[in-house]
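Quick note: the coordinates plus some simple rules give every number you see, no bench work behind them. Everything quoted here is computed from the prediction, not taken from an experiment. Neighbour counts run over all protein chains shown; Cβ positions are idealised from the backbone, glycine included.
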Amino acid sequence: MKYDALIIGAGLSGLAAGIRLAMFDRKTLLVEKHVEIGGLNSFYTRKHRTFDVGLHAMTNFSPRGVRSSPLGKLLKQLRIPHEDFRLCEQGVSEIRFPGKSLSFSNEFGLLEQEVAEQFPQQIDGFRRLVEKIRAFDELNLDDHATISSREVVASCVTDPVLMDMIFCPLMYYGNASEGDMDFYQFVIMFKSIFLEGFAKPKGGMPYILNMLKDKFVQLGGEIRMGAPVKAIHTAGEALRAVELEDGEEIEAGCVLSSAGYVETMGLCQPPQADADRHAVGRMSFIESIFVLDREPRDLGFDKSIVFFCTAPRFAYRVPGELIDVTSGVLCAPNNFQYPEPLPEGVLRLTNQASFEHWDRLARSDYRAAKKAERERALNELCKFFPDFRPNVVFLDTFTPKTIRKYTGHLNGAVYGSPHKVKDGVTPVRNLFICGTDQGFLGIIGATLSGISMANRHVLQASRSPIQQAGDVHA
């Protein structure tokens, strides 16, 4: 059977691309290697409890009726009412460094006020930086220029601590590169976190993912779970067929892959020389989830998300050991504005980690290392926060090896390759990239990536110029 389009990966970008294509009657097949949908933003169950993985919250929150925002564009393109996402806004979050802290919320004025109070000599420069960010077109898919964020920020902000405090949340929530990030990605993350803000869907990611899956199927899309791709066969520079692990070959007019650029090119047969020249991502994380016997607020944790650094300077790089305990993200889901309380208290702790060091461990040492590194991270965390360990009733930890296993990303690289392919084009004709390695970041960004690539490479490719003018780019 031949399809108009085949999509690899049932994460947010793959599901969104599928909905967009099925909406316009393209015969679309979505294949997923695992038995659960979601990819980097999936979920799992332990001891009758379901936990989200991936990001702690959705960025890019905007209220109902704001159609020009990334969330507004997403909802319009997928024809989903705002209320169907059931988004619950954050309360107050924080960036906490030694001797300094900046609170922020979904009202940008709070962060601006905090910078003025904590760094009075820097507020004018901070405002100039915000003006540059607002004026920058980060969604121009045809702009391939690389601009150092550190250089742009340093032209406005001169205090190194404030610079680190600005970069910390943006890097943790979307940066594939060590030390610096491309300015267009800095702009995406700054807008999504500080100018728009955080929210969590009632029901977590299972609710959002199943809603998208159901819409795709209702529109006539076909989805196959437990169907890993063995090879993408090409003839010269053109796509020929996709072969699944069971040997079935599927023909499709085009393929949209959310598996990652290097990973996708690695599936091509015969091999594509371009795959060896593309940087492989290395940034990965360890995350521990703690279920508590009471609300986090009752233990002194009243913020929704805290980005922290216990060292004098913030470093974002692959650590030279299993994990870097000197910085991280602490999320308290209970402190989002849910209409009713969550059934249990939860804290989630994330730290930078090295896939290489975890991968070297013998199987017999792996479990002990998880416990030891978790305790080391908690000991460092307690320099800033109360010790909640006596109140933990259940815990679980996943490492870069877990991420590698369940996403297929080389090195367990959560944000993929540091080299993004903004237009989604590969050397193989009719094979395109969406998702993490296309370059739109976060949960909303990943979803918009699928929409944008489906629009650009499938829907617009078959429309007249007049029809194309009416399309909305993500």
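As a footprinting exposure proxy, order I19, I223 by other Cβ within 10 Å, with the fewest listed first.
Neighbour counts put them in this order, fewest first: I223, I19.
Shape analysis of segment 6-109 places it in the oblate category; the axes a ≥ b ≥ c from the Cα gyration tensor give an a/c of at least 1.5, with a/b not above b/c. Using only the Cα atoms of the chain, each taken as one equal point scatterer with no solvent, compute I(q) by the Debye sum, divide by I(0), and report log10 of the ratio at q = 0.05 Å⁻¹. The Debye formula, applied to the Cα set alone, gives -0.17.
Report the rotationally averaged projected area of segment 110-195 based on its alpha-carbon convex hull, in square nanometres. Show your work: numbers first, answer last.
Numbers: hull surface 21.5 nm².
Averaged projected hull area, Cα only: 5.4 nm².
Full extension of the chain segment joining S148 with R79 gains 21.2 nm, where the gain is 0.36 nm per residue of separation less the Cα-Cα distance. With θ taken as phi - 60° and the Karplus curve 6.51 cos²θ - 1.76 cosθ + 1.60 applied, the whole-hertz 3J(HN,Hα) list for segment 290-298 is 10, 8, 10, 8, 7, 5, x, 4, 5 Hz, x standing for glycine and proline.
Could you please report the charge total around L219, scoring K, R as +1 and D, E as -1 over all other residues with beta-carbon less than 14 angstrom from its beta-carbon?
Details: positive: R20, R26, K27, R79, K213, K215; negative: D4, D25, D214, E222.
Spelling it out: positives minus negatives among the neighbours equals +2.
The length gained on full extension between D246 and Y366, counted as 0.36 nm times the residue separation minus their Cα-Cα distance, comes to 40.0 nm.
Please label the shape of segment 327-474 as rounded, prolate or oblate, based on the square roots a ≥ b ≥ c of the eigenvalues of the alpha-carbon gyration tensor (a/c under 1.5 means rounded; beyond that, a/b larger than b/c means prolate, else oblate).
Oblate.
When T28, T436, T350, T50 are sorted by how many other C-beta atoms sit within 10 angstrom of their C-beta, beginning with the fewest, the order is T50, T350, T28, T436.
With distances taken between every two different alpha-carbon atoms, segment 40-189 has a Kirkwood hydrodynamic radius of 17.6 Å. State the Cα centre-to-centre distance between segment 306-380 and segment 150-196 in whole Å. For segment 306-380 versus segment 150-196, the Cα centre distance is 21 Å. Of the peptides 448-459, 168-179, the ranking by mean beta-carbon count within 10 Å, highest at the top, reads 448-459, 168-179. Charged neighbours of A259, selected by a Cβ distance under 10 Å, balance to -1 (K, R count +1; D, E count -1). Counting only Cα atoms, segment 282-407 measures 43, 33, 27 Å along its principal axes, largest extent leading.
Once you keep just the Cα pairs under 8 angstrom separated by 6 or more residues, what percentage relative contact order results for the chain?
Across the chain, relative contact order equals 24 percent.
Ranking of F85, F24 by neighbouring Cβ atoms within 10 Å, starting from the fewest: F24, F85.
Note on segment 249-349: Rg/Rh from Cα positions, Kirkwood definition for Rh, rounded to two decimals, is 1.17.
Calculated from DSSP H runs of 4 or more alone, at -39500 (n - 2.57) each and per residue, what is the 222 nm mean residue ellipticity of the chain, nearest 500?
Numbers: 14 runs with 145 residues, N = 474.
That calculation yields -9000 deg cm²/dmol at 222 nm.
Compared with the direct C-alpha span, the chain from M1 to Y44 gains 12.2 nm at full extension, assuming 0.36 nm per residue.
Relative contact order of segment 110-195: 35 percent, from C-alpha pairs under 8 Å at least 6 residues apart in sequence.
Ranked highest first by average number of other Cβ atoms within 10 Å, how do 57-70, 122-135, 319-332 line up?
Numbers: 57-70: 18.5, 122-135: 15.5, 319-332: 21.1.
Going by the mean number of other Cβ atoms within 10 Å, highest first, we get 319-332, 57-70, 122-135.
Computed from the C-beta positions of Q113 and K383 and an R0 of 30 Å, the FRET efficiency is 0.65 to the nearest 0.05. Pairwise Cα separations in segment 166-218 fall into 10 Å bins from 0 onward with the following percentages, short to long: 22, 32, 29, 16, 1.
A cut-off of 5 Å between modelled amide H atoms, ignoring neighbours fewer than 5 places along the same chain, links C268 with I232.
For segment 7-114, GluC sites (Glu not before Pro) meeting the loop criterion (DSSP other than H, G, I, E, B) and having at most 14 other Cβ atoms within 10 Å: E107. For the pair R277 and K405, a Förster radius of 30 Å applied to the C-beta separation gives a FRET efficiency near 0.65, rounded to the nearest 0.05.
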